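The values are calculated or read from the model by the stated rules, or taken from the named source; none is laboratory data. From a predicted model like this one, the values you see are computed outputs, not experimental measurements. Cβ: placed from backbone, ideal geometry, glycine included. Neighbour counts: every protein chain shown.
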Amino acid sequence: MATERATTARTPRGEETRRALLDAAARLFAEHGYHATSVPDIVKAAGVGHGTFYEYFGSRHQILLALTQQALASQQRRPTLTSPTLAERIRSEIFWYLSDHVEHLTLSKVWHEATSFDDEIAAARRVERARRVERVRKGIEAAGPQAGIDPAIAATALTAMLEEFAFRWFVEGTGPGTSAADVVAASETLATIWLAAIGATTQKGNT
């Protein structure tokens, strides 16, 4: 994705201005939606001149691409799962995914909206989703054969549940909150559901 003007100076002040534009755009896109936010809205919120915007981004769409790249990069920075048991790996995966949504809530809102109308961003999201499904599939297979459980189907279904839950609970705000306790409670409940669905034990420390 081409997101910025290559000639933009990367001075400390330039980076500060670029960051201000990105932060303002993310906030406005999340609050009002992409289509209801204009470049004048962004520069006003960032406290810079109209012409300054085009020194960093060629269009409103380019700044949207830059923001969604940030969201994608955040999801790709997930830690390697090293827990020895399937139960702990699943708990870690779910906790990380939900925590990332909360930590980058504004970006998550922008990311979700953008995938509904931008084919390029939607394609990038599908690639990231496929990576997550593959991680879960391998974890299910590592637990050994389970009667009536197809690892690929189970991984797709369980990943979809997690993604939809995070969207409704945190992005749409239908859950009770985004505190650390809320994330822990949600993670534990979802892990219990996942493990029960694939016939694995829910006891910590067991496979």
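Looking at segment 144-161, which of its residues are under 26 Å from ARG126 (Cα atoms) and surrounded by 12 or more Cβ atoms within 10 Å (Cβ to Cβ)?
Those that are under 26 Å from ARG126 (Cα atoms) and surrounded by 12 or more Cβ atoms within 10 Å (Cβ to Cβ): ILE149, ASP150, PRO151, ALA152, ALA154, ALA155, THR156, ALA157, LEU158, THR159, ALA160, MET161.
Is there any pair with a first residue in segment 157-174 that is closer than 15 Å to THR189 by Cβ and in the same structural domain as LEU190 (by TED's automatic domain parsing) and a second that is part of a helix (DSSP H, G or I) and among the small types (Gly, Ala, Ser) whose Cβ atoms are under 8 Å apart and which are 6 or more apart or on different chains, and what are they?
LEU158/ALA197; PHE165/ALA186; ALA166/SER108; TRP169/ALA186; PHE170/SER108
Applying the selection to segment 90-144, what residues are among the hydroxyl-bearing types (Ser, Thr, Tyr) and not in a loop (DSSP other than H, G, I, E, B)?
Matches in segment 90-144: SER92, TYR97, SER99, THR106, SER108.
Scan segment 95-128 residue by residue and report those that are touching a Leu at 6+ places or on another chain (Cβ under 7 Å) and charged (D, E, K, R).
GLU128, the sole residue that qualifies.
Tell me, yes or no, whether segment 10-19 has at least one residue that is under 20 Å from GLU134 (Cα atoms) and modelled with pLDDT under 85.
Within segment 10-19, not a single residue is under 20 Å from GLU134 (Cα atoms) and modelled with pLDDT under 85.
In segment 172-193, what count of residues is obtained for those that are surrounded by fewer than 17 Cβ atoms within 10 Å (Cβ to Cβ) and in a helix (DSSP H, G or I)?
9
Could you tell me which numbered condition GLU31 fails, if it satisfies all but one of (1) modelled with pLDDT of 95 or more; (2) within 24 Å of the chain's Cα centre (by Cα)?
(1)
Is there a residue in segment 47-55 that is assigned to a helix (DSSP H, G or I), aromatic (Phe, Trp, Tyr) and at pLDDT 85 or above?
Yes.
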